[in-house]
1. Would you mind stating whether A37 is under 21 Å from the mean Cα position of the chain (by Cα), small (G, A, S) and buried (at least 18 other Cβ atoms within 10 Å of the Cβ)?
2. Given the structure, is T331 in contact with a helix residue (DSSP H, G or I) (Cβ under 9 Å, 6 or more places away or on another chain) and over 25 Å from P119 (Cβ atoms)?
3. Can you spot a residue in the stretch 227-235 that is more than 16 Å from the ligand (Cβ to nearest atom), closer than 20 Å to H81 by Cβ and modelled with pLDDT of 95 or more?
4. Is one or more of the residues making up the stretch 56-64 among the hydrophobic types (A, V, I, L, M, F, W, C), more than 16 Å from the ligand (Cβ to nearest atom) and assigned to a loop (DSSP other than H, G, I, E, B)?
5. Assess whether N246 counts as being assigned to a helix (DSSP H, G or I), of a type outside the set (A, V, I, L, M), buried (at least 18 other Cβ atoms within 10 Å of the Cβ) and touching a residue at least 40 places away in the same chain (Cβ under 8 Å).
6. Just to check your reading of the model, which residue among A68, A28 is at negative phi, at pLDDT below 95 and in contact with a helix residue (DSSP H, G or I) (Cβ under 8 Å, 6 or more places away or on another chain)?
7. Of all residues in the stretch 75-126 being free of Cβ contacts under 8 Å to residues at least 12 places away in the same chain and either in a loop (DSSP other than H, G, I, E, B) or within 16 Å of the ligand (Cβ to nearest atom) (or both), which is surrounded by the fewest Cβ atoms within 10 Å (Cβ to Cβ)?
8. State yes or no: is V186 away from the ligand (no atom under 12 Å from the Cβ), closer than 28 Å to K78 by Cβ and either free of Cβ contacts under 8 Å to residues at least 60 places away in the same chain or not in a strand (DSSP E or B) (or both)?
Amino acid sequence: MDFDTPINRIGTHCVKWDMMEKLYGVPADGGLAMWVADMDFRPPASVQNAVQAMADHGIYGYFGDDTAYLDSIRWWMKTRHGWTVEAAEIFTTHGLVNGTGLCLAAFTQPGDGVVLTTPVYHAFARTIKAAGREVRECPLALTDGRYEMDFDAWDRLMTGTERMFILCSPHNPGGRVWTPDELRGVAEFCQRHDLILVSDEIHHDLVFPGQKHTPMPLAAPGITDRLVMMTATTKTFNIAGSHTGNVIIAAPALRAKVAAQIGALGISGNSFGMMMTPAAYSPEGAAWVDALMAYLDGNRSLFDAGMAAIPGLRSMPLEATYLSWLDCSGTGMEPAEFIARVEKEARIATNHGASFGTGGAHFLRFNIATTRANVAAAVERMQAAFRDLQ
Ligand SMILES: Cc1ncc(COP(=O)(O)O)c(C=O)c1O
């Protein structure tokens, strides 16, 4: 498990490195790609071997027998998360943005409101708007530099047209691991306002030592009649290009609606993703994730210390995810100015905070799932770009 040896991704048609000049004006040659959420690491050898075996066989036909796939998901959820899942509850989608779209189609109508706790993963709002539904932003409270739920304020924002709540747990950006009490608060909020709760737990394995993620059905067992869970191997094992995710639903009535949409759209499994999943959800995969989190912990410490040394900048202490959320408000600069310094002077591509919704504009999101050397280089470049503040 070597996370230090650099792997050149330039020229592989990847979005992170090969699109950053077009999107951010940061040339791949000499620039640092610290934006979209994939990692610069190879997955565990078990996953590599599964893909290699497919390539050696050389037949890439339709996927059929999902027994090993479903068993591995059930094993992972039980052993890593203490959560019992039945095979019949699992739907396979082409990723979780696809899963979000399916849920919107299954449980809402055009014009319905969908609650997001902002700032939050930008594709949620994009998908909601593209589907002709309305985003109902419920801003997170920023208390002592970390995000908290604000149910009283959110109650007042409800108009009666909302049908669904999309929770990001753990939260992207900011990296909060929601406590069981906070999760129960979300469940009660959804009951109070009669909302379907979609809990996107794609980051649930990327939790730092000392933190514990609680799956929503364990925190609030009484919510399962209105709960949709979303999980995937892709973020954990850096195999997002396989476009495979799971929508897991215990309630038969909700299941029937999702099954109807899957039938209507003709969605069936991607054989690469279906073969990679049992290889990832394995004892070897588990050991790899533990090593990954130890490595990312070192990156997190290095990045946080480097940013704390620049007056006016502060990265939010991550409890989970490899997506550092940098508060630039202390610089007194407008976003255009700090973005120009980061992109033009430091030559780093990051996600702009405004795209995450209300509360995000004075932040930048840095992906620190890269080599330690790249994180060190980013820190040096940031310190140089903001030298006048020191
Ligand atoms: C909360 C969340 N959900 C979903 C996704 C993307 O999921 P997929 O690649 O399976 O569509 C991301 C990617 O960063 C994410 O952060």
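1. Yes; evaluated as a whole, the condition is true for this residue.
2. Spelling it out, it is not the case that T331 is in contact with a helix residue (DSSP H, G or I) (Cβ under 9 Å, 6 or more places away or on another chain) and over 25 Å from P119 (Cβ atoms).
3. Taking every residue of the stretch 227-235 in turn, at least one turns out to be more than 16 Å from the ligand (Cβ to nearest atom), closer than 20 Å to H81 by Cβ and modelled with pLDDT of 95 or more.
4. Taking every residue of the stretch 56-64 in turn, at least one turns out to be among the hydrophobic types (A, V, I, L, M, F, W, C), more than 16 Å from the ligand (Cβ to nearest atom) and assigned to a loop (DSSP other than H, G, I, E, B).
5. No, not satisfied.
6. A28
7. Only one residue tops the list, namely T84.
8. Against the criterion (away from the ligand (no atom under 12 Å from the Cβ), closer than 28 Å to K78 by Cβ and either free of Cβ contacts under 8 Å to residues at least 60 places away in the same chain or not in a strand (DSSP E or B) (or both)), V186 qualifies.
The values are calculated or read from the model by the stated rules, or taken from the named source; none is laboratory data. Just so we're clear, the structure is a prediction, and the values are computed from it rather than from any experiment. Here Cβ is always computed from backbone atoms with ideal geometry, including for glycine, and neighbour counts include all displayed protein chains.
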